[in-house]
Amino acid sequence: MKLKSDTYRLLWEAHAWAGAVASVLLVGMFLLGVAALFRHELMPWQEPRLRAPVAADETQALATLQSWLDARVGKDAPAHLDVDLPAPYSPWLRLEWKDKAGERNSVWLHPATGEQAPERSDLGYFLFLIHFLYPLPGGC
């Protein structure tokens, strides 16, 4: 069966547009995947105070974490808590949790003193989420 020239042209253009849209989406996801891969290394660079090295060992960091948790028991204790212990690329203690309303919260704690540093931006985390299409309807 031979297609009419108008039908063939229409299908060819639809094919070209579908390929262009798919390629832009894939390239975007690949580039965001690079940001997602290095998100832990990028997060401290969003807050200048977090770049300075901290002289604290794991025992001090865990004691700071325990005191932070003790202050919240019974009041607004998180149901789910993610902890990033200090590392060479991120010398502060990072806590991320969801409250009872489902809101995502995070805080950086100095591992020795317990001082809190607010996050300036969630760009690193947002790029991580958009890589997996979480913020979009029907995302993973």
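What follows draws every value from the coordinates through simple rules; no lab data is involved. As the structure is a prediction and not an experimental result, all values here were calculated from the model. Cβ placement follows ideal geometry from the backbone for every residue including glycine, while neighbour counts extend to all protein chains displayed.
For the reader, a short list of remarks on this structure follows.
- Seen from residue 76, the other residues with C-beta closer than 10 Å to its C-beta sum to a net charge of +2, counting Lys and Arg as +1 and Asp and Glu as -1.
- Here the simple spin-label model places points 7 Å from the Cα toward Cβ, and for residue 54 and residue 115 these points are separated by 1.0 nm.
- Gyration tensor (alpha-carbon) shape descriptor, segment 25-89, a/c threshold 1.5: oblate
- Each residue of the chain gets 148 Å³ once the volume of the Cα convex hull is shared out per residue.
- Going by neighbour counts of Cβ atoms within 10 Å, the residues 39, 104 line up, fewest first, as 104, 39.
- Within straight-line reach of residue 98, meaning a Cα separation under 28 Å, sit the following lysines at least 8 residues removed in sequence or on another chain: 75.
- Legend: calculated FRET efficiency, residue 126 to residue 62, from the Cβ-Cβ distance at R0 = 35 Å, rounded to 0.05, equals 0.75.
- Neighbour counts of C-beta atoms inside 10 Å place 125, 89 in the sequence 89, 125, starting with the fewest.
- Here is what passes the span test in the chain: the DSSP H helices with alpha carbon length of 18 Å or more along the helix axis and a Kyte-Doolittle mean of 0.5 or above are 5-37.
- Computed 3J(HN,Hα) for segment 98-106, one whole-Hz value per residue from the Karplus formula 6.51 cos²θ - 1.76 cosθ + 1.60 where θ = phi - 60°, is 10, 7, 5, 7, x, 6, 8, 10, 8, glycine and proline marked x.
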